[in-house]
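All remarks here apply to the structure that follows.
The values are calculated or read from the model by the stated rules, or taken from the named source; none is laboratory data. None of the values given here were measured: they were computed from a predicted structure. Glycine also receives a Cβ, built like all others from the backbone with ideal geometry; neighbour counts cover every protein chain displayed. SASA here: full protein model, heavy atoms, side chains in, ligands and nucleic acids out. Shrake-Rupley method; radii C 1.70, N 1.55, O 1.52, S 1.80 Å.
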Amino acid sequence: MNPRALSEWLQQWFRKGTGEPAYRQLYRLLRQCILEGRLHAGTRLPASRELATDLSISRNTVLQAYEQLTEEGYVSAAVGRGTFVEDISHELPVQIEPPSAGPGTDSEPGMSRSLSKRGERLITSLGYSERQHGAFMAGVPDVTEFPVQQWLRIHNRHWRRLRPELLSYAPSGGYPPLRQALSDYLQASRSVNGAASQVVVTSGIHQVLDVVIRMLCDPGDRVWVEEPAYWGIRNLLISHGMDVVGIPVDIEGMNPTTEQMRRPPRLIVVTPSHQYPLGMVMSLARRRRILEYARQHHCWILEDDYDSDFRYGGRPLPSLQGLDEAALVIYAGSFSKTLYPGLRLGYAVAPASVAPALAAGVAELYREGQLMAQAVMAEFLREGFVSSHMRRVRSLYAARRDRLIVAVQAHYGSKLEIVGDKAGLHLVLALPDHVDDAHICREAYLRGIMARPLSMYYLRPERAKKGLVLGYACVREDEIDPAFAILAGVIDAELNA
Ligand SMILES: Cc1ncc(COP(=O)(O)O)c(C=O)c1O
């Protein structure tokens, strides 16, 4: 649709006197056009003055609608040239059927009532992948290395001496021996301070954040996330209707601007041990600054410690929680990376003032179970199997990472930079700004290779850096070269386009 045709279409559908603010209606209609693909990436929106005349509304109303679309990343403004539709296709890796007409569905475009507004926002920024293992899936360990025999031995013992309570719903906070084992383990390995009563067992970090939002925040509260950040956390916040603000990161980690600091958030979500996805470690000075800021402004901090166990050289830094004297940090961890993601076992260590409420929230909201897995996990931890497994896979992953770096350098020399390769399960291959990293990922996916576009981790598309997030942990060493050769073919085609 060109600007003229769009203006005519809008004149047909735009209604005055519906009770909906005019700017909101215009924003909604335009957003609908973008989501439905009527307006392709790069299309110029009509000039605000002309559209205002065509629709008999004020120019300010049009500008307000354009501003909202810009803020949400659907369009971007180029000074002196106009407002252009952004490419949002990378945010839609899965095809979602348009919601079927339900009761109350209006016949007008953009008036579907099947999804809530936050549901619609979530659908337009999905990040999950239908495939979850193989080259170069980010964030997934080699699940085939899981020590099945040790697990089975403990598991079978529990089934033989079956205690009925293990097959019922979980008590609040989770299986008590696991809470104790986690408290001891996290104190020793991550300098996390917290008694067993402060540990809340969950089905992963996602659930920690979910219960924290529900119990400690209200819809519309401001939440700081790193820019870039893990899309899963961002989407959870969006789906709760939070006011999500992206805070830039530099080499020392999260670094809010003076302007941002003037408007304190309710919650700060941060990955201090290993920034996701860029890989930097938050400096001690920055840690102290953020703790002091949170203390002064009564903000909660959620420390997402998703993969700090995987450092290749040097010891992992102690947790942020261990430095917290104001009892504002909720530490969140998970066995998704250390053991396997399908286990869905995570934990929070919360300040004593809120731990019981979070534990009650988990019990009440999700009716958790999986006590058998929690009982096995408690022994698995106490007997040292988690630590020995990690020691073993750490060297395996280090070798895979080295192999991938060699493959990248053999192909690109120093032309493309590798970022964040000192720890974790992935590295980032930086690409020039003009490159469409989402397109590369789609093309690679068709050839059986998974990679994540770095741009998808940004809240604000105009700030997005380009690159590929490449997981190496779940790729056998001998598969790395051939897989990278396929990926390099796709990258080269895009670089030379
Ligand atoms: C930064 C970060 N936090 C949290 C998670 C999810 O953790 P869990 O599987 O425990 O919900 C991931 C998963 O990839 C992640 O990358």
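Would you kindly compute the Cα radius of gyration of the stretch 181-312 and its largest Cα-Cα separation (Dmax), both in Å?
Using the Cα atoms of the stretch 181-312, the pair Rg, Dmax is 14.6, 43 Å.
For the stretch 147-384, what is the per residue volume of the convex hull drawn over the alpha-carbon atoms, in cubic angstrom?
Numbers: hull volume 27.8 nm³, N = 238.
Output value, Cα hull per residue: 117 Å³.
Take every DSSP beta bridge with both residues inside the stretch 147-384 and express the antiparallel ones as a percent of the total, to the nearest 5.
In the stretch 147-384, approximately 40 percent of DSSP beta bridges are antiparallel ones.
With every protein chain left in place and a probe of 1.4 Å, what is the accessible surface of VAL393, to the nearest 10 Å²?
Counting only protein heavy atoms, VAL393 exposes about 0 Å² to solvent.
When N counts the residues of the stretch 17-64, how does its alpha-carbon radius of gyration compare numerically with 2.2 N^0.38 Å, as a ratio?
Normalised Cα radius of gyration, the stretch 17-64: 1.17.
Using alpha carbons only, how many degrees (0 to 90, rounded to 10) separate the axis of helix 437-446 from the longest principal axis of the chain?
The answer is roughly 70 degrees.
Percent of Cα-Cα pairs more than 30 Å apart in the chain, please. Intermediate values should be presented prior to the final figure.
Numbers: 64759 of 123256 pairs.
The answer is 53 percent, as a whole percent.
Loop only by DSSP, 13 or fewer other Cβ within 10 Å of the Cβ. Give me the trypsin sites (Lys or Arg not before Pro) in the stretch 365-413 that pass, ordered by residue number.
ARG367
How tilted is helix 371-382 with respect to the longest principal axis of the chain? Cα atoms for both, answer in degrees (0 to 90, nearest 10).
Here the helix axis deviates by roughly 60 degrees.
Before rounding to the nearest 500, sum -39500 (n - 2.57) across all DSSP H runs of length at least 4 in the chain and divide by the residue total; then give [θ] at 222 nm in deg cm²/dmol.
-12500 deg cm²/dmol
Expressed as a rounded percentage, what relative contact order does the stretch 3-95 have, with Cα pairs under 8 Å and six or more residues apart?
31 percent
Using Cα-Cα distances under 8 Å and only pairs 6 or more residues apart, what relative contact order does the stretch 377-447 have, in percent?
Values: 26 pairs, mean separation 11.5, N = 71.
The normalised contact order for the stretch 377-447 reaches 16 percent.
Considering only protein heavy atoms and a 1.4 Å probe, what is the carbon-and-sulfur percentage of the accessible area of the chain?
Answer for the chain: carbon and sulfur cover 52 percent of the accessible area.
Taking only C-alpha pairs under 8 Å that are 6+ residues apart, what is the relative contact order of the chain in percent?
Relative contact order, the chain: 18 percent.
For the stretch 301-362, list log₁₀ I(q)/I(0) at each q in 0.16, 0.18, 0.26, 0.28 Å⁻¹, using the Debye formula over Cα point scatterers of equal strength and ignoring solvent, two decimals each.
Here log10 of I(q) over I(0) equals -0.60, -0.74, -1.13, -1.18.
Report the charge-dipole magnitude of the chain in Debye, nearest 20, computed about the Cα centre from +1 at each Lys and Arg Cβ and -1 at each Asp and Glu Cβ.
780 debye
Mind computing the radius of gyration and Dmax over the alpha-carbon atoms of the stretch 359-474? Å is fine for both.
19.5, 55
Among PHE146, PRO277, VAL362, whose Cα projects farthest towards the positive end of the dipole of the chain, with charges put on the beta-carbon of Lys, Arg (+1) and Asp, Glu (-1)?
VAL362
Need one number: nm distance between label points at ALA399 and ASP433, each 7 Å from Cα along Cα→Cβ, rounded to one decimal.
With each label point 7 Å from Cα toward Cβ, the separation is 4.2 nm.
Tell me which GluC sites (Glu not before Pro) from the stretch 354-443 have a DSSP coil assignment and no more than 15 other beta carbons within 10 Å of their own.
Hits after loop and neighbour filter: GLU383, GLU417.
Just to confirm the filter: which trypsin sites (Lys or Arg not before Pro) across the stretch 142-237 are DSSP coil and have at most 13 other Cβ within 10 angstrom of their Cβ? Mind showing how you got there, number by number?
Values: sites: ARG153, ARG157, ARG160, ARG161, ARG179, ARG190, ARG214, ARG222, ARG234; in loops: ARG161.
Of the trypsin sites (Lys or Arg not before Pro), the ones in loops of the stretch 142-237 whose Cβ has at most 13 other Cβ atoms within 10 Å are ARG161.
Please list, or write none, the lysines whose alpha carbon is within less than 28 Å of the alpha carbon of LYS466, excluding same-chain residues fewer than 8 places away.
Output for LYS466: LYS337, LYS415, LYS422.
Suppose every Lys and Arg Cβ carries +1 and every Asp and Glu Cβ carries -1, with no other charges. What dipole size does the stretch 3-95 come out with about its Cα centre, to the nearest 20 debye? If you can, show how the numbers build up before the last one.
On the way: 11 positive and 11 negative charges, 73 e Å.
About 360 debye.
At 37 °C and 0.692 mPa s, what whole-number value in µm²/s does Stokes-Einstein give for the translational diffusion of the stretch 139-194, with Rh from the Kirkwood sum over Cα pairs? All intermediate terms of the calculation are to be shown ahead of the outcome.
On the way: Rh = 14.0 Å.
Diffusion coefficient, whole number: 234 µm²/s.
Placing +1 at every Lys and Arg Cβ and -1 at every Asp and Glu Cβ, with all other atoms neutral, what dipole size does the stretch 147-384 have around its Cα centre, in debye to the nearest 20? Can you show the working numbers first?
Values: 24 positive and 23 negative charges, 120 e Å.
Dipole about the Cα centre, nearest 20: 580 debye.
If you count the DSSP beta bridges with both ends in the chain, what percent of them are antiparallel, to the nearest 5?
Within the chain, antiparallel bridges account for around 60 percent of the total.
Any idea what angle helix 3-13 forms with the longest principal axis of the chain, computed on alpha-carbon atoms, 0 to 90 degrees, nearest 10?
It is inclined by approximately 90 degrees.
Could you work out Rg/(2.2 N^0.38 Å) for the stretch 3-95, with Rg from alpha carbons only? It would help to have the intermediate numbers written out before the result.
Details: Rg = 12.8 Å, N = 93, 2.2 N^0.38 = 12.3 Å.
For the stretch 3-95, the normalised Cα radius of gyration comes out at 1.04.
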